[in-house]
Each structure stands twice: as structure tokens, then as C-alpha cells.
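*Asks:* A single structure is presented below for examination.
The values are calculated or read from the model by the stated rules, or taken from the named source; none is laboratory data. Note that the structure is predicted; figures quoted are calculated from it, not measured. No Cβ is skipped: glycine too gets one built from the backbone with ideal geometry, and neighbour counts run over all protein chains shown.
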Amino acid sequence: MARQAKILLLLLFALSLAFGVKSYVSLWTFTHEGLSIGSLKTPYWDFLNLWFGSRLAVSGEVAVLFDPDAYREAMRAIYGATLPDHEWSYPPSMLLVGAPLSALPLPLAYVLWTFAGALALYAALTCLPIPPVPRLLLVVSPVVLQNAFFGQNGAFTAALMIAALALAPRRPLLAGVFAGILTLKPHLGILIPVAWLAAGHWRAIFSAGVVAVGLFAATGLMFGFSVWAEFRAVTTPLMVSILEAPFPQHYHTQAMTVFIAVRALGGPLALAYGAQIATALLAIAVTFRIWRPGPGRMPETDRIILTALMALIATPYGYTYDGPAIALAAVWLALSRDLALGSRLVLWIVWLFPVFIPSMMMYQIYGFFVMIPIALALMIFFLPKAGAYGSSPGHSTR
């Protein structure tokens, strides 16, 4: 590795750590009401939903999850009347993940969740021809640190998608297991079956279907099959109402979708939905095209990363903390393309994009982060490879 590249990697590592330290200092500094000054919630932020909701379900109060007022009242009875609104927003099968975590004290469960997500992402990245140092840099990239800051699951979902797509040609049953688990957040995995249909990975599709049905059945047997009816009757409309809430909302600053970008430009709901649907259909068409066998097909690593990017573009529920694929794409382009220094600097700025979110909030810029995965997807699609790295994830650089 050239001396200049090593210096740049060290600089990026230092910037990532500085961003992480600054974020976590604010996260664990409290207001007079006992809330984090970084989030104005508990320092566990969104993880609190998974832990608390699962704890209710395990204790036999699963109905509270589907009564938003009762759920918020139960949470505020413990964490204070000033706690902002929370709601259970996951498919009921997520309770299978949350139940064992809810048996642990909240701080310990949060630490375990955070480090397990980083380890899962690192393990998934070993399926791609990325050297160990950049791989480690990805795990401590600002977007992964931001995901941890929110207590979110973006590191897990990115790991599941990467592993599912990378392993399908060689270990289709295991790949199907990972894709089946990703049904816990189905809107982030919608392009996997498209890719597998195009490539003819039928065993992976079968395996994913079995796992998805198994999760459905296990959830019903453990918590009652009525949870699925309640999810459809209560949770789904609730999430739609949050999506369609009067613009702008505070959480729109983290949105990374065509839907929110159109609304930020003053477009009505119908136009926002139309633009999002058109974008999703385009992502499906492109995914099917790049995974079809044939001469001149895109190299496999490019296909995997491009599909992960387009999954972010296709959903109306994408948020910045769902975006480890953005950091991955920036690093992969820097490794695999013969780029001028200016282009590489642009990629590193993209890699640092969560650092700039507070400025976007200050100027009330909403939704336009979706341009980042769109631009990276275009670069992967059109920039020729330099040939420095293997195109197949069949070998690891461990």
C-alpha cells in the first residue's frame, strides 16, 4: 500500500473515532429530565423498543405492543413522563430476537447488541475480496457508528444481505437462511428474490422460504398467532401514518428516500408515492438485468454491492443508519477503480457523510441523502474496473 494511501486510511480512521467519541459523549450526557442530550430520548434510543417491547411480550403483555397509547404509557411509567413517543414498529418475528435480549439488563443487552452487529458485519465482509484493513475501517465507519448511536439494526441487515447474495452460488441453503432472517425487516431485502430469480438460485429461494415460514410459525407458537393479525391491523397502518405525517418531522432529517425528497420539494403524497414506485420498479429491473447469466455480466462483487445500494433506493422507509452499503460502495470503488485523486476524495467525503447530518438538520435539508446511493450505484455501473481485485467473492482476503 502506498504511503499516501496509508496516511489517508489513518486519517479516516482518526476522523471516524473522533465522530464516534463526539456522538457517544452527547449520547451519554443527560438533561435535567434524565434524557440524552444527543437524542432527547434514552441513550439506548431505538434499541429500547426492541428490548422493552420484547420484555412486555415475554411477560404476557403482548397486546400492549399493538396499543400505541398503552405502550407509550408503560414506557413512560419507567423512563419518565417527558420521554418522546416510541412505538413497536417491527414484524412480530422480531420478538424472537428481542426475547433473549430482554432477559438481560438493558445496558448489557445494548452493549451485546452493538458489538454483535459490528462483528456480524465484519464476518459478512469476509465474503468479499476486501483486504483486512479496509474491512476493519468499514466496521468503524461513521455510518456504522451512527447505526450504533441509534441502537439500530443496520449493521445486522447489511450483513445478512451481503452474506445472502455472496453465498448463494456456493452455499445456497445457508444463503437462504440469511435471507429468511432478513424478513425481520422485509423492506430492506426485497431485491434478494429478484436477484435469485434472475440467477436461478432455486435452492436459496426454497431455503429462504422455509426459514421465513419457520419464523412465522415459531412466533405464533410462542406469542400467539393473533400477533400477525394485530401487526396487519395496527402496526402497518401506524407506520404508514408516520410515513405520511405532515411534512417536515424531526425524523425526516434521517430519511434517505425518493419519497421524502419529493415531499421536501413540495410534492404532494400522490407524487411522492408515484416517484417512489417508479424508482422501486427501476431498481427491480436493473437488479434482474445484472444478475441474469450471460456474456459480459457485471462482476459478482459489483453486483452484490450495487444490489445493496438499490435496496436502499427502492424502499420508502430508508434511513441513514440503514446505509452501511454506502460506506462499502465507497471503499470498493476506491479499491477496484483507477480513479483520479479528486474522485477518491469525493468517495471519502461520501464515506464520512453522517458527519454532516447535523449541518443538514440545521438547514432543514430533508431526504436528499438518497442521492448518495444513487450516485454510487451509477459509479459502480459505469466506471470500468482497474483489475486490481478479484471480481468474485468466492475467495477471501483474510
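*Asks:* Are any residues in the range 133-183 farther than 17 Å from residue 304 by Cα, assigned to a helix (DSSP H, G or I) and small (Gly, Ala, Ser), and if so, which ones?
*Replies:* If the condition is that a residue be farther than 17 Å from residue 304 by Cα, assigned to a helix (DSSP H, G or I) and small (Gly, Ala, Ser), then 148, 180 are the ones that fit.
*Asks:* Still on this structure: Please find, among 66, 47, the residue that is among the aromatic types (Phe, Trp, Tyr), closer than 30 Å to residue 355 by Cβ, touching a Phe, Trp or Tyr at 6+ places or on another chain (Cβ under 8 Å) and touching a residue at least 60 places away in the same chain (Cβ under 8 Å).
*Replies:* 47
*Asks:* Look at residue 102 and say whether it is in contact with a Lys or Arg (Cβ under 6 Å, 6 or more places away or on another chain) and among the polar types (S, T, N, Q).
*Replies:* yes
*Asks:* Then there is this: So, of the residues in the range 227-279 that are touching a residue at least 24 places away in the same chain (Cβ under 8 Å) and polar (S, T, N, Q), which turns out to be surrounded by the most Cβ atoms within 10 Å (Cβ to Cβ)?
*Replies:* 257
*Asks:* Within the range 309-328, take every residue that is among the β-branched types (Val, Ile, Thr) and not in a loop (DSSP other than H, G, I, E, B) and give me the one that is surrounded by the fewest Cβ atoms within 10 Å (Cβ to Cβ).
*Replies:* That would be 313.
*Asks:* Is it the case that residue 204 is touching a Phe, Trp or Tyr at 6+ places or on another chain (Cβ under 8 Å), assigned to a helix (DSSP H, G or I) and modelled with pLDDT of 95 or more?
*Replies:* yes
*Asks:* Run down 307, 320 and say which single residue is of a type outside the set (A, V, I, L, M, F, W, C), at pLDDT below 95, within 27 Å of residue 260 (Cβ to Cβ) and within 18 Å of the chain's Cα centre (by Cα).
*Replies:* From the options 307, 320, the qualifying one is 320.
*Asks:* Another question, then. Which pairs do you get when a residue that is closer than 16 Å to residue 39 by Cβ, found in the range 6-28, comes within reach of a residue that is among the polar types (S, T, N, Q) and surrounded by 13 or more Cβ atoms within 10 Å (Cβ to Cβ), reach meaning Cβ atoms under 6 angstrom, with the pair 6+ apart or on two chains?
*Replies:* Once the first residue is closer than 16 Å to residue 39 by Cβ and sits in the range 6-28, its partners that are among the polar types (S, T, N, Q) and surrounded by 13 or more Cβ atoms within 10 Å (Cβ to Cβ) give 27/36.
*Asks:* If you don't mind, there's one more thing I want to ask. Here is a list: 65, 40, 27. Which entry is over 30 Å from residue 137 (Cα atoms) and under 24 Å from the mean Cα position of the chain (by Cα)?
*Replies:* It is 65.
*Asks:* Would you call residue 93 over 18 Å from the mean Cα position of the chain (by Cα), more than 28 Å from residue 141 (Cα to Cα) and of a type in the set (Ser, Thr, Tyr)?
*Replies:* Spelling it out, it is not the case that residue 93 is over 18 Å from the mean Cα position of the chain (by Cα), more than 28 Å from residue 141 (Cα to Cα) and of a type in the set (Ser, Thr, Tyr).
*Asks:* A further question on this structure: If you go through the range 121-132 one residue at a time, how many are surrounded by 19 or more Cβ atoms within 10 Å (Cβ to Cβ) and part of a helix (DSSP H, G or I)?
*Replies:* Result for the range 121-132: 3.
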